Amino acid sequence: MDVIDSSKSFPPSSGAFSTSIQGQMSSILNFLSTTGAPFLANVYPFFAYIGAGGSISLQYALFQQNPGVTDSGSGLHYSNLFDAQVDTLIYAMAASGYGSIPVVVTETGWPHAGDSSATTQNAQAYNSNLVASVPNGTPKKPNQLISTYIFDLFDENQKGGAAYETSFGIFDPSTQTKNYDFSF
């Protein structure tokens, strides 16, 4: 998501790539289009949520019941942050002339520890609701499965960075104990 111009990340229909990397993105998108390959993206509503200073509701970030938001440019209604982020990428690619390239979400998840919003209940809710939501597509691409991969199967107890960085796993580092119940 770092390739998106932060001033054009919402509403999704205003999605555009950062001007500092427009040339590189155009080359990458041309290559993907020519080869028939998808655009691979790491989409983390958790990072958007903790970086938004309270302007995004936790329920919206976790796919839970909430009023959602309507995109003023497209009229599409968004009931969760994940779909809004994915559609922002889709709109950014379309604005660059490559709207037919599929998106594959190569990483997404929610940590279970290390931040006040990183709890086992929130991680379980995010991943469970994600699995239920993904087959429905996004408001921009309804009924189109967006291939999505959950990060992470195991906690990374030797990873550096913020405390939550080690805590995205469904299982603990021993690989024997679940951090929370989850079913694929």
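The values are calculated or read from the model by the stated rules, or taken from the named source; none is laboratory data. Keep in mind it's a predicted model, so treat the numbers as computed, not measured. Positions of Cβ are generated from backbone atoms using ideal geometry, with glycine treated the same way; all protein chains shown enter the neighbour counts. For accessibility, only protein heavy atoms count, side chains too; no ligands or nucleic acids. Shrake-Rupley method; radii C 1.70, N 1.55, O 1.52, S 1.80 Å.
Results, tabulated for the structure shown:
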{"item": "The stretch 159-175 residues that are over 16 Å from Ser117 (Cα atoms), paired with ones that are part of a loop (DSSP other than H, G, I, E, B) and aliphatic (A, V, I, L, M) (beta carbon under 7 Å, 6 or more apart)", "result": "Ile170/Leu153; Phe171/Leu153"}
{"item": "Selection within the stretch 109-145 - open to solvent by 50 Å² or more (accessible area, probe 1.4 Å), touching a strand residue (DSSP E or B) at 6+ places or on another chain (Cβ under 9 Å) and touching a residue at least 24 places away in the same chain (Cβ under 8 Å)", "result": "Val131, Lys141"}
{"item": "Subset tally (residues that are surrounded by 19 or more Cβ atoms within 10 Å (Cβ to Cβ) and either at positive phi or assigned to a helix (DSSP H, G or I) (or both)) for the stretch 87-108", "result": "7"}
{"item": "Test for Ala163: is it more than 21 Å from Pro38 (Cα to Cα) and in contact with a Gly (Cβ under 6 Å, 6 or more places away or on another chain)", "result": "yes"}
{"item": "Single unsatisfied condition, Gly73 versus (1) more than 19 Å from Phe168 (Cβ to Cβ); (2) open to solvent by 50 Å² or more (accessible area, probe 1.4 Å); (3) in a helix (DSSP H, G or I)", "result": "(3)"}
{"item": "Qualifying residue in the stretch 68-81 (condition: under 11 Å from the mean Cα position of the chain (by Cα) and closer than 27 Å to Ala163 by Cβ)", "result": "yes"}
{"item": "The stretch 125-184, residues that are aromatic (Phe, Trp, Tyr) and under 20 Å from the mean Cα position of the chain (by Cα)", "result": "Tyr126, Tyr149, Phe151, Phe154, Tyr164, Phe168, Phe182, Phe184"}
